[in-house]
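The values are calculated or read from the model by the stated rules, or taken from the named source; none is laboratory data. This structure is a prediction, so every number in the text was calculated from the model and none was measured. For neighbour counting, all protein chains shown are included, and Cβ atoms are generated from backbone atoms with ideal geometry for every residue, glycine included.
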Amino acid sequence: MTQIKFKKSQAGTFYRLLVNVKAKGRKTRAVAKFNKLIGIKLDELVEDEKNLIAQYYQVGDDGNPLKNDDGKEIKLENANIDEYHNDWQELHDEDVVIDLTEYQPYLEFLISALLDWDQDLNGVDAIIYDELLDLLESIETEDAE
């Protein structure tokens, strides 16, 4: 079984990078299918964040903390914000595992699309690009063995 594993905190960064990838034909399809898989994990993270926020703050219908007249978030009674920050960090440090068994035929096209992508990247985007390619290439190498 082919799997990909990364930190929850990377789901959003990988997703945002992939929506900007320009490719053609099979490569476009590979990028779109992979980004759907990442998007599912990103949606799960957002839901987990909302649940966590609701344990420490009064929340509105959108799941975000309500604010008082001074613009400060309204904590729940006895809420420990240091504990909230620790729980937030733990949530983002959790591993995400995606089964790529059905995606396997597209993996080489995804890697090729990223390698052929003609976009100048620097700073954080370049680091995210490198991390994603390292991750994908390690899967390709494991499958070849």
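Sort out which residues of the stretch 1-38 are of a type in the set (A, V, I, L, M) and surrounded by 14 or more Cβ atoms within 10 Å (Cβ to Cβ), and write them in order of number. If you could, list the steps in order and put the result at the bottom.
We begin by selecting, within the stretch 1-38, every residue of a type in the set (A, V, I, L, M); these are 1, 4, 11, 17-19, 21, 23, 30-32, 37-38.
Those that are of a type in the set (A, V, I, L, M) and surrounded by 14 or more Cβ atoms within 10 Å (Cβ to Cβ): Ile4, Ala11, Leu17, Leu18, Val21, Ala23, Ala30, Val31, Ala32, Leu37, Ile38.
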remark   = Restricting the stretch 120-137 to residues that are surrounded by 12 or more Cβ atoms within 10 Å (Cβ to Cβ) and either touching a Pro at 6+ places or on another chain (Cβ under 7 Å) or farther than 13 Å from Thr13 by Cβ (or both), the one modelled with the lowest pLDDT turns out to be Glu137
ask   = Among Ala11, Ala32, Ala23, which is the only one that is within 18 Å of Ser112 (Cβ to Cβ), under 17 Å from the mean Cα position of the chain (by Cα) and small (Gly, Ala, Ser)?
value = Ala32
task = Please specify each residue of the stretch 60-85 satisfying the condition of being at pLDDT 95 or above and β-branched (Val, Ile, Thr).
result = none
remark   = Checked the stretch 54-90 for anything touching a helix residue (DSSP H, G or I) at 6+ places or on another chain (Cβ under 8 Å), aliphatic (A, V, I, L, M) and touching a residue at least 12 places away in the same chain (Cβ under 8 Å); matches are Leu76, Ala79, Ile81
inquiry  = Quick check on my filter: what residues within the stretch 52-65 are on the phi < 0 side of the Ramachandran plot and either surrounded by 12 or more Cβ atoms within 10 Å (Cβ to Cβ) or of a type in the set (Phe, Trp, Tyr) (or both)?
reply    = Leu52, Ile53, Ala54, Gln55, Tyr56, Tyr57, Gln58, Val59, Asn64, Pro65
Selection from the stretch 17-46 of residues that are farther than 15 Å from Phe109 by Cβ, free of Cβ contacts under 8 Å to residues at least 60 places away in the same chain and out of contact with any Ser or Thr (no Cβ under 9 Å at 6 or more places or on another chain) = Val19, Gly39, Ile40, Lys41, Leu42, Asp43, Glu44, Val46
